[in-house]
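The values are calculated or read from the model by the stated rules, or taken from the named source; none is laboratory data. All values reported here derive from a predicted model rather than from experimental measurement. Here the Cβ positions follow ideal geometry from the backbone for every residue, glycine too, while neighbour counts run over all protein chains shown.
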Amino acid sequence: MYTDEDYELLISTLRYFKSEIVITPHILAEFSDFLRRDVKEPKLSHYLHIIVGKLKNYSEEHIPLQVILATKMTSLLMLGFPDTSIVEAAKRIKATILTEDTGLGIYADSAGIPNVKFKAMKADRLLYRTV
């Protein structure tokens with residue numbers, strides 16, 4: 001589902017945020033699943049090596065299960081556990097969310113949480129390339 005250009009766009013976006021990047025354990029799990037599903041060898045080893053090197057510079061924000069379970073049931077049903085942890089982490093540390101998930105972006109907008117929608121960035125890249 002992702003192209004080499006998408007990967008390069010993600011890397012350049014992460015460079016913009018640099019030392020401000022914070023992840024949750026849920027993000028790491030989802031990222032690992034997507035990476036193994038979408039990227040095959042020999043690129044998988046190359047990308048994983050780069051990502052592991054970058055992750056060493058990032059912080060981790062753990063949202064306890066009790067905090068996630070204390071959120072509104074409607075939010076939990078809409079977002080699921082991983083995205084709920086992302087929202088709670090963003091609230092806690094006043095962070096911007098980078099997401100490919102339209103539902104998470106819409107929820108963040110409605111909750112007043114700054115967010116960057118990767119799909120929109122990809123669309124902009126295509127738009128400016130064709131203009």
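Any residue in the stretch 1-21 that is aromatic (F, W, Y) and not in a helix (DSSP H, G or I)? Spell out the reasoning first.
Initially, the stretch 1-21 is screened for residues aromatic (F, W, Y), giving 2, 7, 16-17.
Then drop every residue that is not not in a helix (DSSP H, G or I), which leaves 2.
The answer is yes, given that some residue of the stretch 1-21 is aromatic (F, W, Y) and not in a helix (DSSP H, G or I).
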So, first residue over 22 Å from T3 (Cβ atoms) in the stretch 47-73, second residue modelled with pLDDT of 90 or more and among the small types (G, A, S), Cβ within less than 7 Å, six or more apart or across chains; the pairs are E61/A89; I63/S85; I63/A89; I68/S85
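Kindly evaluate Y107 against the criterion of being over 25 Å from R15 (Cβ atoms), out of contact with any His (no Cβ under 6 Å at 6 or more places or on another chain), free of Cβ contacts under 8 Å to residues at least 40 places away in the same chain and among the hydroxyl-bearing types (S, T, Y).
Yes.
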Picked from the stretch 21-75 (must be small (G, A, S), under 20 Å from the mean Cα position of the chain (by Cα) and within 19 Å of I86 (Cα to Cα)), the residue surrounded by the most Cβ atoms within 10 Å (Cβ to Cβ) is S75
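For every residue, the table says whether it meets (1) outside any loop (DSSP other than H, G, I, E, B); (2) modelled with pLDDT of 85 or more; (3) of a type outside the set (K, R); (4) touching a Phe, Trp or Tyr at 6+ places or on another chain (Cβ under 8 Å).
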site: H49; (1), (2), (3), (4): yes, yes, yes, no
site: N57; (1), (2), (3), (4): no, no, yes, no
site: I106; (1), (2), (3), (4): yes, yes, yes, no
site: L126; (1), (2), (3), (4): yes, no, yes, no
